[in-house]
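To keep things clear, I will list the structure first and then write my remarks on it.
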Amino acid sequence: MEQRKGRRLILFPLPFQGHINPMLELANILYRKGFSITIIHTNFNSLNPSTHPHFTFHSISDNLSESEAADKDILLLLSNLNAKCCEPFRECLATLLSNVTEEPVACLICDPLFDFTQSVADSLKLPRILLRTGGASSTAVYSSFPLLREKGYIPKQDSRLEEPVTELSPLRVKDLPMINSSEPERFYKLVRALSYDTKDSYGFIFNTFEDLEQHALATIRKEFHIPIFPIGPFHKYFPAASSSSTSLLSQDQSCISWLNTQPPKSVIYVSFGSIAAVNEAQFLEIAWALASSKQLFLWVVRPGLVHGSEWLEPLPSGFLESLNGMGQIVKWAPQKEVLAHQAVGVFWTHNGWNSTLESICEGVPMICIPFSADQMVNARYVSDVWKIGLRLELGINRGEIDRAIRRLMIEKEGQAIRGRVSKLKDMANLCLKQGGSSYQSLDGLVNHILSLEFLLRKL
Ligand code: UDP
């Protein structure tokens with residue numbers, strides 16, 4: 001813990017699991033660097049202040065109706081959050097800034113997907129720094145959207161999905177990020193929030209490291225003209241077990257006891273994150289693929305994973321008994337601990353950025369089944385750039401899943417892939433050590449934050 005700096009930072013996470021985790025990890029990192037921390041959060045997916053007694057929490061009312069909060073159209077939900085949080089956020093921030101009994105606030109750190117925060121911060125003369133919870137490679141792709149539209153790659157046409165995007169090799173048209181919504185323009189708004197609109201901020205923090213995404217980081221530095229701070233992997237600043245506190249669902253620890261009884265690298269861990277969903281036919285295809293692989297597996301079936309079902313109802317009766325202890329199903333796992341467990345040999349993932357990075361940090365090869373957004377880019381990087389996993393090109397297809405499991409768990413190819421991801425794991429550890437790239441970048445970020453008030457005074 002470093003000496004207190006007499007400066008407070010206000011952090012405002014987007015209320016989704018994959019955005020909350022890295023923002024709270026960043027808060028812990030900056031707290032250890034000596035800053036006081038205030039978190040503003042919404043009622044929707046509200047945080048539990050008791051998990052971080054050293055932070056100050058302020059909740060704002062988002063006024064989402066029950067049906068709005070339950071909307072499966074994630075872009076509509078985001079659009080409603082942006083519309084309804086703006087005024088409550090402005091009021092909360094103004095009150096915090098007028099509180100003279102606390103340390104001066106150095107800056108606001110927020111998620112670029114809260115698109116109103118720049119104008120609010122400007123109106124209160126507070127510098128705004130962004131945290132990108134996705135990777136640098138996908139961010140570079142978002143910043144290429146004007147070119148991709150001009151060249152006709154976007155909107156994607158079904159007949160061109162397998163075509164290479166020569167300007168962004170090795171991506172294919174099908175790998176370009178997209179999120180379906182009742183109103184397509186909402187997606188382009190999100191693209192602008194992650195690229196063009198970031199240029200007015202005072203800096204961009206990334207949960208990644210130079211050795212992993214050097215090329216994309218160089219592109220971003222060239223295009224964005226704001227200071228870029230790749231200081232990840234955030235979760236490796238702390239022991240694995242300490243990171244459970246930001247989970248919105250309760251983590252089922254029983255799977256760790258089960259893993260303790262399994263041989264090294266024998267288990268396939270399957271999880272598609274906090275938002276992705278499948279239909280009943282896809283769910284059954286996954287279930288049969290796992291059962292027929294004859295490999296041990298730990299499968300996270302989140303309530304809501306299967307459209308129209310509460311939990312496991314679509315499974316045929318007798319399915320669970322027929323596994324004879326080969327498989328374990330939980331509603332939510334302590335994922336970082338699971339991936340760090342010696343029994344886990346492969347991660348079958350949707351390639352959300354956090355999951356991808358967590359897998360790399362534990363040296364676990366991946367089977368990739370991206371569903372939407374940046375997951376498409378991450379999956380292609382895993383399979384074709386870093387060569388640390390296999391992408392399922394046919395979607396959820398039992399034959400291809402079976403082949404991927406064999407290639408990774410049984411065949412020689414799996415060992416080569418494991419060797420490569422192990423090297424990345426070592427690099428991830430090294431970059432946080434004194435003199436490492438993320439270590440230095442974090443020092444740069446701290447100095448940048450401390451210099452902001454002088455910058456502002458000069459304006
Ligand atoms: N996670 C977890 N338990 C689970 C599944 C996921 O704790 O059973 C965590 C995971 O460690 C990661 C986050 O939830 O930090 C998911 O983020 P990601 O970016 O991978 O995907 P998203 O949920 O945003 O699609």
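For the chain, the longest principal axis of the Cα atoms and the long axis of helix 74-98 meet at an angle of about 30 degrees.
Surface composition of segment 282-348: carbon plus sulfur atoms contribute 52% of the solvent-accessible area (1.4 Å probe, protein chains only, all chains present).
Accessible area of segment 353-459 with a 1.4 Å probe: how many percent of it is carbon plus sulfur? Taking all protein chains in place, segment 353-459 shows 51 percent carbon and sulfur surface. With respect to the chain, whose longest principal axis is taken over its alpha-carbon atoms, helix 398-409 is tilted by about 80°.
Shape annotation for segment 270-339: C-alpha extents along the principal axes are 30, 29, 15 Å, from largest to smallest. Within a straight-line Cα-Cα reach of under 14 Å, LYS189 can be paired with the following aspartates and glutamates, leaving aside sequence neighbours fewer than 8 residues apart in one chain: ASP115, ASP197. Given LYS222/LYS433; LYS156/LYS331; LYS84/LYS336; LYS222/LYS265, which pairs have Cα atoms separated by over 30 Å? As for pairs spanning more than 30 Å Cα to Cα, those are LYS156/LYS331; LYS84/LYS336; LYS222/LYS265. Just to be sure I understand: of the beta bridges DSSP finds with both ends in the chain, what percent are antiparallel, rounded to 5? Percentage antiparallel, nearest 5: 0. For the chain, the normalised intensity computed at q = 0.10 Å⁻¹ comes to -0.73 (log10 of I(q)/I(0), Debye sum over alpha carbons, equal scatterers, no solvent). Distance from the C-alpha centroid of segment 352-424 to that of segment 26-64: 34 Å, rounded to the whole angstrom. Using the 1.4 Å probe convention, the accessible area of segment 326-414 works out to 30 Å² per residue with neighbouring protein chains retained.
Taking +1 at the Cβ of each Lys and Arg and -1 at the Cβ of each Asp and Glu, which of PHE206, VAL278, TYR188 sits farthest along the dipole of segment 187-338 towards its positive end, judged by Cα position relative to the Cα centre? Result: PHE206.
Per residue and in cubic angstrom, what volume does the convex hull of the Cα atoms of segment 215-371 have?
It comes to 138 Å³ per residue, whole-number rounded.
For segment 91-178, the Kirkwood estimate of hydrodynamic radius, built from reciprocal distances between every pair of different alpha carbons, is 16.0 Å.
What does the charge count near ALA140 come to, summing +1 for each Lys or Arg and -1 for each Asp or Glu among other residues with Cβ under 9 Å from its Cβ? Every neighbour counted, the sum reads -2.
Of the chymotrypsin sites (Phe, Trp or Tyr not before Pro) in segment 268-326, which ones lie in a loop per DSSP and count no more than 14 other C-beta atoms within 10 Å? Write out the running numbers ahead of the final one.
On the way: sites: TYR269, PHE272, PHE283, TRP288, PHE297, TRP299, TRP311, PHE319; in loops: PHE272, TRP311.
Answer by residue number: TRP311.
Cα gyration tensor of segment 302-459, axes a ≥ b ≥ c as square roots of the eigenvalues: rounded (a/c below 1.5), prolate (a/b > b/c) or oblate? Prolate.
Starting from the Cα gyration tensor of segment 1-147, take the square roots of the eigenvalues, sort them a ≥ b ≥ c, and report rounded, prolate or oblate (rounded when a/c is under 1.5, otherwise prolate if a/b is larger than b/c, else oblate). Taking the square roots of the gyration eigenvalues as a ≥ b ≥ c, segment 1-147 is prolate. Treating the angle as unsigned and between 0 and 90°, give the value, to the nearest 10°, between the Cα long axis of helix 185-194 and the longest Cα principal axis of the chain. That works out to roughly 70 degrees. Applying D = kT/(6 pi eta Rh) to segment 1-63, where Rh is the Kirkwood radius over alpha-carbon pairs, T corresponds to 4 °C and eta to 1.567 mPa s, the Stokes-Einstein value obtained is 108 µm²/s. The GluC sites (Glu not before Pro) found in segment 399-459 that occupy coil by DSSP, while having at most 14 further C-beta atoms within 10 Å, are GLU411. Once the 1.4 Å probe is applied to the protein heavy atoms, segment 43-198 comes out at 45 Å² accessible per residue. Positive end of the charge dipole of the chain (Lys, Arg +1 and Asp, Glu -1 on Cβ, about the Cα centre): tell me which of ILE179, ALA379, VAL301 has its Cα farthest that way. Result: ALA379. Leaving out ligands, DNA and RNA, and with a 1.4 Å probe, what % of the accessible surface on segment 191-267 is carbon or sulfur? Ligands and nucleic acids excluded, carbon and sulfur give 53 percent. Applying the criteria of a DSSP loop state and at most 11 other Cβ atoms within 10 Å to the trypsin sites (Lys or Arg not before Pro) of segment 408-446 yields LYS433.
The values are calculated or read from the model by the stated rules, or taken from the named source; none is laboratory data. The structure presented is a predicted model; accordingly, all values stated were derived computationally and were not measured. Methodologically, a virtual Cβ is constructed for each residue, glycine included, from the backbone with ideal geometry; neighbour enumeration extends over all protein chains shown. Accessible surface is based on the protein model in full, side chains and every heavy atom, while ligands, DNA and RNA are left aside. Shrake-Rupley method; radii C 1.70, N 1.55, O 1.52, S 1.80 Å.
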